[in-house]
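The values are calculated or read from the model by the stated rules, or taken from the named source; none is laboratory data. All values derive from a computational prediction rather than experimental measurement. Quick reminder, even Gly has a Cβ in these numbers, built from the backbone with ideal geometry, and neighbours come from all protein chains shown.
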Amino acid sequence: MIIQFICRAILLGVPLLFGSTGEIITEKSGHLNLGIPGIMYVGAISGVVGSFIYENACGNDIEAMNGFLAVIIPLICSIAGSVIMGLIYSFLTVTLHANQNVTGLALTTLGIGLGNFLGASLINITGSELPSIALTKTSTFFATELPFAKSLGWFGELFLSHDFLTYLAIAIALITSFVLNKTRVGLNLRSVGESPATADAAGINVSRYRYVATCIGSAVAGLGGLQYVVSYASGVWSNNAFGDRGWMAIALVIFALWKPSFAIIGSFLFGALCNANNYIPGLGTETQELFKMLPYVVTIIVLVVTSMRKKREHQPPQGLGLSYFREER
Amino acid sequence: MADVSAAKKQREPLIHVVKRDELPGWHAWLIRIATVFIGMILVGFLSMLVTEKGFFETYEIMFKGVFGKLFEGYTTMFWKYLQEIAILLCLALALTPAFKMKFWNCGAEGQALMGGLASIFCMIQFGEKLPYGVLIAVIALTSILAGAIWGIIPAVFKALFNTNETLFTLMMNYIATQIIAYYVYIEGGGSNVINPVSAGNFPKVGTNDYFVNIVTVAVITVLMYVYLKYSKQGYEISVVGESRNTAKYIGINVKKVIIRTMAISGALCGVTGMLLVAGKDHSINTNLVGGQGFTAILMSWLGQFNPFVMVVMTAIVVFLRLGVSKVADASLLNSSYSEIMVGIVILMLVGCEFFIHYSIRFRHKNKEVGA
């Protein structure tokens, strides 16, 4: 029961981890990308479109499908889709100096619209009665476990039974943490986010760092959308199912104090909180609805507590949300 | 020495961006109108590709769908168009004082939901007990209060601890959504639906259901314009928005202004919730506002804090949303198609601000004479 609860929490937490790691990378460059929810939708639907085409090309026959291709095609499509969204965002905010909040929100509208529209179109193509697309074959390729996980009892189930996207998410978070804190590129990126004018004076190409960080961040976040469809929902896309996880990922950035390694713990904790209502015994359906607000309440408490303590290392990057124009100093 | 020669060889970049002085008003508007026009052509062109209808047929469907009857089953009357504008405009107006203060209120959705909750609660609890006039007054008061409270909570923390308001207000949306889900479950007896309540509805004028909503929002528009432009409080809001320190030095109580402005912002969102519940749906569900709280943010920003410009902007966006969804209906596409088109046009409008505030200079062809 407890093992199952933790595994479920991890599964629910992975999209949030992808999303918040992506947003941390973006925010470190000084971009508050509120388009993440839309980007995650686009990441999900691009992956779905890719694997849909591949499944059909193989005649919907699992024997004809190559395991490697079945995994790599959705991954590449998902990354490509979200990078395009990231490029739109950076073009508007970096090159055209547009307001970041407004651009992000418009991008979210666009992204969710795109996701639902393409999803509905695919459902039309399949002509199925249900309002969803099932990519169960692709999903089985993604869900391949480590071979010895079953034989190790609870330990195996807790640490080794997850699909590879879970480990990928953790690896990306750790690598991000390393790059940000221990390498020159990371130092440059952080300085761009803290004070673009100073970074510019030091010879760092502010625009390039912002473009690249936003696109990488979007790609990582988009994978979160893909993970939701292929792993959590076992390959079933239905419109609006992804819900508000994108916003939660953005909140998680603050929860994690802009540290990717904290985001790992934070996202699994959020996964547990999202799911707690199903595991606390003796709750009626109506009380469950109230318990679903737990992750949001916790986020608010964290927001308030971090703002009250005002520790210097727990603050957002100073240049966050401001566009940089060299001649305006 | 090597550095100097390298610097001499480096050529001036081809394109050079310069900040403009203030453009004359009509010039800026010409750019915005041109952008909307290009956006409309793009929408028509994309629709032509997707729906395989003719280029002009698309516009025909849009205009007929919004302004008149197209064919049975797919009619959007002009009044419905005005009603949709009224709701979006009311939310945008509510957000404007907060934005002018540089307070990113992303919680319009939640504040409107709480206002709606207060309305439906009063309609159900007091519907049979109070005379009609008193009931409407009670509904109005409680919805305004509920919205205001939902707006004040993040404002207090912003004023006291400088807590990030963008995320705080965002989280308040989801808490409100869950409270509504809880209430709907209890009141609907587990069916997740509350049947339309007949008590406490706004009166019809003639055959028109939405007249009260539209007039209310029209009045709010004028009041908001006066409030922001001519009142002392409106002036305080703009000073706090420009620079908190300046505000402090000239003796404005910044904390008080933040909390007061958010109370107004939340209260107006609460009014929108009331208009939706008492004036339109007569029921409530978690999708009452339907994401318009976020569109309203864009409307408020595109309106440049001017309520009358916001009227134009919301009219354009609602026209697109309704019109394109008619096009989608007519060719059996998913209704999300209109969200995409609205998103594209808004992104273009956001991008066109660049051409208003900056100008592009190309590299001079002739070599420098002196040196």
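For the list (1) away from every other protein chain (no Cβ under 12 Å); (2) crowded, with 23+ Cβ neighbours inside 10 Å; (3) under 16 Å from the mean Cα position of the chain (by Cα); (4) closer than 30 Å to A:S323 by Cα, I need the number of the one condition that B:L276 fails.
Looking at each condition in turn, B:L276 falls short on (4).
Does region B:43-67 hold any residues that are under 26 Å from B:G303 (Cα atoms), modelled with pLDDT under 80 and either in the same structural domain as B:D209 (by TED's automatic domain parsing) or not hydrophobic (A, V, I, L, M, F, W, C) (or both), and which are they?
B:G65, the sole residue that qualifies.
Count, please, the residues in region A:288-313 that happen to be in a helix (DSSP H, G or I) and touching a helix residue (DSSP H, G or I) at 6+ places or on another chain (Cβ under 8 Å). Quick ask: steps written out before the conclusion?
Filtering region A:288-313 down to residues in a helix (DSSP H, G or I) leaves A:288-291, A:294-309, A:312-313.
In the following step, the residues that additionally are touching a helix residue (DSSP H, G or I) at 6+ places or on another chain (Cβ under 8 Å) were identified as A:288-291, A:294-300, A:302-304, A:306-308.
Number satisfying all stated conditions: 17.
Quick check: is even one residue across region A:146-166 acidic (D, E), modelled with pLDDT under 90 and in contact with a Leu (Cβ under 8 Å, 6 or more places away or on another chain)?
Looking through region A:146-166, none of the residues is acidic (D, E), modelled with pLDDT under 90 and in contact with a Leu (Cβ under 8 Å, 6 or more places away or on another chain).
Taking into account only those residues within region B:151-168 that are facing another protein chain (nearest Cβ under 10 Å) and closer than 21 Å to B:T286 by Cβ, which is modelled with the lowest pLDDT?
Of everything passing the filter in region B:151-168, B:L167 is modelled with the lowest pLDDT.
Looking at B:L141, B:L113, which one is within 14 Å of chain A (Cβ to nearest Cβ) and over 30 Å from B:T246 (Cβ atoms)?
Answer to the selection: B:L113.
Which one of these is at the interface with chain B (Cβ under 9 Å from one of its Cβ atoms) and among the aromatic types (F, W, Y): A:Y296, A:Y228, A:Y324?
A:Y296
Could you identify the single residue in B:L130, B:L70 that is in the same structural domain as B:V239 (by TED's automatic domain parsing), modelled with pLDDT under 90, surrounded by 17 or more Cβ atoms within 10 Å (Cβ to Cβ) and touching a helix residue (DSSP H, G or I) at 6+ places or on another chain (Cβ under 7 Å)?
Sole residue among the options that is in the same structural domain as B:V239 (by TED's automatic domain parsing), modelled with pLDDT under 90, surrounded by 17 or more Cβ atoms within 10 Å (Cβ to Cβ) and touching a helix residue (DSSP H, G or I) at 6+ places or on another chain (Cβ under 7 Å): B:L130.
In the set B:M40, B:M114, B:M123, which member is outside the structural domain of B:Y225 (by TED's automatic domain parsing), at negative phi and of a type outside the set (F, W, Y)?
B:M40
Any residue in region A:206-228 that is among the small types (G, A, S), surrounded by fewer than 17 Cβ atoms within 10 Å (Cβ to Cβ) and free of Cβ contacts under 8 Å to residues at least 60 places away in the same chain?
There is no residue in region A:206-228 that is among the small types (G, A, S), surrounded by fewer than 17 Cβ atoms within 10 Å (Cβ to Cβ) and free of Cβ contacts under 8 Å to residues at least 60 places away in the same chain.
Return yes or no: is B:T314 touching a Cys at 6+ places or on another chain (Cβ under 9 Å), more than 14 Å from chain A (Cβ to nearest Cβ) and surrounded by 20 or more Cβ atoms within 10 Å (Cβ to Cβ)?
no
How do the pairs read when you match residues in region B:177-195 that are more than 9 Å from chain A (Cβ to nearest Cβ) with residues anywhere that are assigned to a helix (DSSP H, G or I) and of a type in the set (F, W, Y), using Cβ under 7 Å and keeping only pairs 6 or more apart or on different chains?
Once the first residue is more than 9 Å from chain A (Cβ to nearest Cβ) and sits in region B:177-195, its partners that are assigned to a helix (DSSP H, G or I) and of a type in the set (F, W, Y) give B:N192/B:Y185.
Within region A:300-319, which residues are more than 10 Å from chain B (Cβ to nearest Cβ), touching a residue at least 60 places away in the same chain (Cβ under 8 Å) and closer than 18 Å to B:E165 by Cβ?
Within region A:300-319, A:P317, A:Q318 meet the criteria.
Could you name every one of the helices (runs of 4 or more DSSP H) located completely within region B:240-350 that has at least 3 residues being in the same structural domain as B:Y174 (by TED's automatic domain parsing), free of Cβ contacts under 8 Å to residues at least 60 places away in the same chain and not aliphatic (A, V, I, L, M)?
B:244-249
List the helices (runs of 4 or more DSSP H) inside region A:157-206, counting only whole elements, that have at least 3 residues being under 21 Å from the mean Cα position of the chain (by Cα) and hydroxyl-bearing (S, T, Y).
A:164-182
Suppose we filter region B:318-349 for residues that are within 12 Å of B:V66 (Cα to Cα) and not basic (K, R); how many remain?
Selection size over region B:318-349: 8.
Count, please, the residues in region B:105-121 that happen to be aliphatic (A, V, I, L, M) and outside any helix (DSSP H, G or I).
0
From A:G119, A:G127, which residue is over 30 Å from B:I346 (Cβ atoms) and modelled with pLDDT of 70 or more? Step through it out loud before you land on a result.
Values: A:G119 fails: over 30 Å from B:I346 (Cβ atoms).
Result: A:G127 is the single residue among A:G119, A:G127 that is over 30 Å from B:I346 (Cβ atoms) and modelled with pLDDT of 70 or more.
Going by the structure shown, is B:G279 of a type in the set (G, A, S) and in contact with a Leu (Cβ under 8 Å, 6 or more places away or on another chain)?
Taking the combined requirement at face value, the residue does not satisfy it.
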